[in-house]
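Single-structure report; data block below.
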Amino acid sequence: MATRSTIMDTNSFRPEMMGALDPETRSLVEKRDVLGPAYRLFYKNPVHLVRGDGARLWDADGVEYLDVYNNVASVGHCHPRVVDAITRQVSLLNTHTRYLHENVLRYAEDILSTMPGEIDRVMFQCTGSEANDLAVRVAQCHTGGEGIVVTHEAYHGNSALISELSPALGTAQPLSRSMRMVPTPDTFRVEVDGAAAAGLSAEAFGGWMASCLRDAVADMERHGIRFAGFLGDSIFSSDGVFPDPRGYLGPVIEAVHDLGGVYIADEVQPGFTRTGDAFWGFQRQGIVPDIVTSGKPMANGMPTSMMAARHEVLESFAGSIPYFNTFGGNPVCMAAAQAVLDVMRDEDTMGNAKRVGGAFRGQLAGMQPDHPVIGDVRGTGLYIGCEIVRPGTKDPDQGLALALLDELRENHVLTSVCGPLGNVLKLRPPLVFSLADVDWFMSAFERSLSSLGV
């Protein structure tokens, strides 16, 4: 079984693979030494990309690939409306937010209009890590507590504060002494009072998770740590993609508030229409968080992020601590973010995610009888987890999952894995993914399975 120390590197190129590369690729890989050893490449045979359009990418040899992984280019690579908005604004002005400018105000009002009325303040940063960092500081200031609860395989960013709340980074990453973890809401494996989680109601499954949260907070208190909040994304993407049963986070947010904490919804992954059922992942769950964060998908990859909050939650922090993010909310990034929001409305990315994602999941599930290595297919909209197991069991087969990734890469399809066991294919393409793209993936997946004899 894979351990937490290996998961973040499962789909990584390693130096011992260098000998199998062609001379040009080997030369580029060797030059990456200047970046230091912490940087990672995907695949045994790394891909050298030079161009993108929609859900398609091209390498230096002109070979076309299907992107089934890049949620950052949320409305597709090089969307012309986003490119135009960036080009026009960068030719006029780009500066920080200590000066007045309409773009940041226009976007602030527009993005808040997509949220529940209780969330009425927004601050901008450059990365999701910065947004989550600020959110935790706001939660701690508001509650007077320090302790944050996350799930067992959570990833929320790479700042000093947030990396200590991101167990998915591996055992070499120290975790905060004031942090506690609750189990992954694994509907494929978890049993509650002897019943399989997959058959439970949202209330029953959420009640189990809320009970786990209460136990974690009780342990905090035994160690003299005051609870500040729960930080989670509503699709539990790094944990292995667990969005259902729909509504199960209701009992969890109730427990958070009963215990005096705040609920921070990390929407970098499930937000911006990706679930197909709501603009925000938390809306699909029927809850109203206290703080909401998002990141680069909001501006199609431009360095943009945000933290939105209820004004009463933000007040303690904002009224006493100056916060300045030099280029958070700059005019160019706000122009890009506004263009993305306009595209999402005009092109109905939510409807596309629901329609295409439903077809995608259905075709994957239809393969299970002929390919029992597909243990589970789950997800919502254009975020799908395809769990690879040893046939007839729920035992994870990480080796096969990684082999499938490399076979898919050779069939010109790009994706990766997630989950604590490193065996879940993480399928989260740009929101412009089409039924024709689904057909491409399914053909490539069938060929990949067949070539591996499974």
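The values are calculated or read from the model by the stated rules, or taken from the named source; none is laboratory data. Please read all numbers here as calculations on a predicted model, not as lab measurements. FYI the Cβ positions are ideal-geometry reconstructions off the backbone, even for glycines, and counts take in every protein chain you see.
With respect to (1) over 21 Å from the mean Cα position of the chain (by Cα); (2) surrounded by fewer than 24 Cβ atoms within 10 Å (Cβ to Cβ); (3) farther than 26 Å from Gly199 by Cβ, the lone exception for Leu404 is condition (2). When segment 170-213 is limited to residues that are in contact (Cβ under 8 Å) with a residue 60 or more places away in the chain and within 25 Å of Val377 (Cα to Cα), the one that is surrounded by the most Cβ atoms within 10 Å (Cβ to Cβ) turns out to be Pro185.
Name the residue, out of Phe272, Phe282, that is crowded, with 24+ Cβ neighbours inside 10 Å, part of a helix (DSSP H, G or I) and within 17 Å of the chain's Cα centre (by Cα).
On inspection, the qualifying residue turns out to be Phe282.
Among residues that are surrounded by fewer than 24 Cβ atoms within 10 Å (Cβ to Cβ) and either assigned by TED's automatic domain parsing to the domain that holds Ile119 or part of a strand (DSSP E or B) (or both), Pro289 is not included.
For (1) closer than 13 Å to Val68 by Cβ; (2) surrounded by 18 or more Cβ atoms within 10 Å (Cβ to Cβ); (3) at pLDDT below 95; (4) not aliphatic (A, V, I, L, M), each residue gets a yes or a no:
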position: Val413; (1), (2), (3), (4): yes, yes, no, no
position: Pro420; (1), (2), (3), (4): no, yes, yes, yes
position: Lys426; (1), (2), (3), (4): yes, yes, no, yes
position: Val432; (1), (2), (3), (4): yes, yes, no, no
position: Asp437; (1), (2), (3), (4): yes, yes, no, yes
position: Met442; (1), (2), (3), (4): yes, no, no, no
position: Phe445; (1), (2), (3), (4): yes, yes, no, yes
position: Leu449; (1), (2), (3), (4): no, yes, no, no
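Residue by residue through segment 21-59, note down the ones that are in contact with a helix residue (DSSP H, G or I) (Cβ under 8 Å, 6 or more places away or on another chain) and of a type in the set (Gly, Ala, Ser). Passing the criteria: only Ala55.
List, please: which pairs have Cβ atoms under 6 Å, are six or more places apart or on different chains, and start with a residue in segment 334-346 that is farther than 13 Å from Pro303 by Cα and end with one that is not basic (Lys, Arg) and not in a helix (DSSP H, G or I)? What qualifies is Val340/Val75; Val340/Asn300; Val343/Val75; Met344/Thr273. Restricting Leu175, Leu134, Leu161, Leu169 to those that are out of contact with any Gly (no Cβ under 9 Å at 6 or more places or on another chain) and under 15 Å from Gly419 (Cα atoms) reduces the list to Leu169.
Report yes if some residue within segment 50-58 is at negative phi, touching a His at 6+ places or on another chain (Cβ under 8 Å), surrounded by 15 or more Cβ atoms within 10 Å (Cβ to Cβ) and assigned to a loop (DSSP other than H, G, I, E, B); otherwise report no. Within segment 50-58, one or more residues are at negative phi, touching a His at 6+ places or on another chain (Cβ under 8 Å), surrounded by 15 or more Cβ atoms within 10 Å (Cβ to Cβ) and assigned to a loop (DSSP other than H, G, I, E, B).
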